[in-house]
Structures are given as structure tokens and as C-alpha cells.
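The values are calculated or read from the model by the stated rules, or taken from the named source; none is laboratory data. On a predicted model such as this, the values are computed, not experimentally measured, just so you know. Here the Cβ positions follow ideal geometry from the backbone for every residue, glycine too, while neighbour counts run over all protein chains shown.
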Amino acid sequence: MILNLALVIVTLSTLLVAARVLRGPSWGDRIMAFDFLSVNLIVLIVLITVKTRLLVLLDAALVLSLLGFLTTVALTRYLLTGRVMR
Amino acid sequence: MNDFSPLRDIPILIGSFFVLTAAVGVLRFPDLYSRLHASSKLVTLGSAGIFLGAALELTEAAAFTRLAAILLFQFLTTPLSAYLIAQAAYLRALPPRLSGPDEWNQLGRHPQPGDEPPREDPTG
């Protein structure tokens with residue numbers, strides 16, 4: 001019951017942030033909203049894990065948290081210095 | 001309501017409320033920097049609440065260690081990514097909405113696209 005309510009709330013916030021990705025007047029808003037979206041997906045995966053008791057999904061959440069931070073670092077480095085690696 | 005367990009449900013409810021608050025803030029705030037404030041801090045708090053509720057519900061050691069690792073990584077990386085986005089936006093001349101002059105800027109005006117950044121590679 002409360003788990004379904006939490007899933008609905010987090011999905012609603014994901015849709016709101018997706019609207020910010022589409023609207024976002026600058027690239028900084030879009031990078032921030034993508035970072036937010038990755039965290040939201042991790043939270044959704046954890047809630048679905050609690051609902052279905054499939055502990056395998058937590059590994060996906062761990063990998064997604066690593067990938068989201070790496071994406072943010074790569075995008076900001078690219079926009080600041082023009083390249084990702086030296 | 002028959003399966004209400006407060007140890008699981010109260011942290012999950014608080015966490016999802018804060019995640020929704022952060023989304024509304026990201027959608028409604030007028031400025032990139034205030035949107036960063038809303039997203040980084042509120043999302044950290046909300047995801048911490050949801051992970052706490054999940055760890056109290058899934059009592060296995062495997063689930064607990066994975067959730068602790070995700071939570072620790074979130075605490076480490078969310079301020080870092082917000083800092084990186086704000087630094088890149090400021091150095092690439094996205095002016096903040098201010099009521100007075102920009103006191104952090106040595107030039108006395110907002111950085112323009114032709115200005116040199118203070119260092120060539122601020123992350124290195």
C-alpha cells in the first residue's frame with residue numbers, strides 16, 4: 001500500500017524532472033536533470049526490489065549509481081575543457 | 001492498509017515526499033544554481049530515507065551491504081556532481097540571478113563567452 005504510493009510519487013517526480021530536461025533553457029539544467037533522473041531511477045529500482053524481493057536488482061542500482069556520476073563528470077569536463085580525456 | 005509496518009513505511013514515505021519536493025523545486029525555481037540547491041540536497045535526503053526503509057525491510061546481509069554501498073556512494077558523489085555542474089556553468093558564463101553585483105567575480109561583471117577562464121583546466 002505505502003510502497004505503491006511511494007512508487008507513484010517517485011514516478012511523478014521523474015516525469016516532472018523529465019519536463020525540466022525537455023524545457024531546460026541551458027545545458028547546465030539538462031545535465032543536472034539527467035543526474036536527478038539517474039538518482040530517481042536508483043530509488044525506483046530499490047522500491048521495486050522491496051516490492052518483489054528480487055535482490056538481484058540491487059546490483060543494477062549500484063552500477064547505475066556509478067554510471068550516473070561518471071556521466072555527470074564526463075559531461076561537465078567536456079563542456080569546461082572541450083575534451084573528456086587528456 | 002492491512003500490511004502497514006511503520007519501521008518500513010515511515011522512512012519510505014518521508015523519503016518519497018522529499019524526492020517529490022526536489023522535483024517540484026527543480027521544475028519551479030528560476031535559476032540553475034537554485035535548482036542545483038534543490039536537487040542535490042533534497043534528493044540526498046529523500047534517497048537516504050528510502051534506502052533506510054528498504055534496508056529495514058530487506059533483512060538479508062546482501063541487501064543491507066548493497067544498500068549501504070549505494071547510500072555511501074550517493075553521499076559522496078551528489079555534492080561533487082552539483083559542485084562540478086555549478087563550476088562549469090559559472091566558468092562558461094551562465095550568469096546567476098542576483099539582486100546586486102557579482103561579488104565572486106574579479107572582473108566586476110558576469111563572465112562573457114570571450115573571457116579567459118581563471119585557469120586552463122580547473123579540474124586538473
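Looking only at residues in the stretch B:55-66 that are assigned to a helix (DSSP H, G or I) and within 7 Å of another protein chain (Cβ to nearest Cβ), which one is nearest to the chain's Cα centre (by Cα)? Let's see the steps before the verdict.
Just the residues of the stretch B:55-66 that are assigned to a helix (DSSP H, G or I), to begin with: B:55-57, B:61-66.
Applying the additional criterion that residues be within 7 Å of another protein chain (Cβ to nearest Cβ) yields B:57, B:62-63, B:66.
Working: B:GLU57: 26, B:ALA62: 27, B:ALA63: 24, B:ARG66: 21 Å.
Filtering first and then ranking leaves B:ARG66.
Test B:ALA89 against the criterion of being within 16 Å of the chain's Cα centre (by Cα), modelled with pLDDT under 90 and hydrophobic (A, V, I, L, M, F, W, C), and give yes or no.
On the way: within 16 Å of the chain's Cα centre (by Cα): yes; modelled with pLDDT under 90: yes; hydrophobic (A, V, I, L, M, F, W, C): yes.
Criteria met by B:ALA89.
Condition test on B:VAL19, is it at the interface with chain A (Cβ under 7 Å from one of its Cβ atoms), of a type in the set (Val, Ile, Thr) and surrounded by fewer than 20 Cβ atoms within 10 Å (Cβ to Cβ)?
On the way: at the interface with chain A (Cβ under 7 Å from one of its Cβ atoms): yes; of a type in the set (Val, Ile, Thr): yes; surrounded by fewer than 20 Cβ atoms within 10 Å (Cβ to Cβ): no.
The answer is no for B:VAL19.
Just to be sure before I move on: is A:VAL21 surrounded by 15 or more Cβ atoms within 10 Å (Cβ to Cβ) and at the interface with chain B (Cβ under 7 Å from one of its Cβ atoms) in the structure I sent?
Working: surrounded by 15 or more Cβ atoms within 10 Å (Cβ to Cβ): yes; at the interface with chain B (Cβ under 7 Å from one of its Cβ atoms): no.
It is false that A:VAL21 is surrounded by 15 or more Cβ atoms within 10 Å (Cβ to Cβ) and at the interface with chain B (Cβ under 7 Å from one of its Cβ atoms).
Restricting the stretch A:1-14 to residues that are at the interface with chain B (Cβ under 8 Å from one of its Cβ atoms) and under 13 Å from the mean Cα position of the chain (by Cα), which is surrounded by the most Cβ atoms within 10 Å (Cβ to Cβ)?
Restricting attention to the stretch A:1-14, the residues satisfying the condition of being at the interface with chain B (Cβ under 8 Å from one of its Cβ atoms) are A:1-3, A:5-6, A:9-10, A:12-14.
If we keep only those that are under 13 Å from the mean Cα position of the chain (by Cα) as well, we get A:10, A:13-14.
Values: A:VAL10: 24, A:SER13: 28, A:THR14: 19.
Looking at the filtered set, the residue picked out is A:SER13.
Filter the stretch B:22-54 for residues that are facing chain A (nearest Cβ under 7 Å) and of a type in the set (S, T, N, Q); which is farthest from the chain's Cα centre (by Cα)?
B:SER47
Can you pull out every residue in the stretch A:24-68 that is among the aromatic types (Phe, Trp, Tyr), within 18 Å of A:LEU12 (Cα to Cα) and more than 7 Å from chain B (Cβ to nearest Cβ)? So that I can check it myself, show each step before the final result.
Initial filter on the stretch A:24-68 (among the aromatic types (Phe, Trp, Tyr)): A:27, A:34, A:36.
The next check asks that each one be within 18 Å of A:LEU12 (Cα to Cα); those that pass are A:34, A:36.
The answer is A:PHE34, and nothing else.
Would you mention how many residues in the stretch A:29-72 are surrounded by 17 or more Cβ atoms within 10 Å (Cβ to Cβ) and either in contact with a strand residue (DSSP E or B) (Cβ under 8 Å, 6 or more places away or on another chain) or β-branched (Val, Ile, Thr) (or both)?
Number satisfying all stated conditions: 9.
With the requirement that a residue be facing chain A (nearest Cβ under 7 Å) and surrounded by fewer than 21 Cβ atoms within 10 Å (Cβ to Cβ), what does the stretch B:78-99 give you?
Here is the first cut: in the stretch B:78-99, the ones facing chain A (nearest Cβ under 7 Å) are B:81, B:84-85, B:88-89, B:91-92, B:94.
Hits for the stretch B:78-99 are B:LEU91, B:ARG92, B:LEU94.
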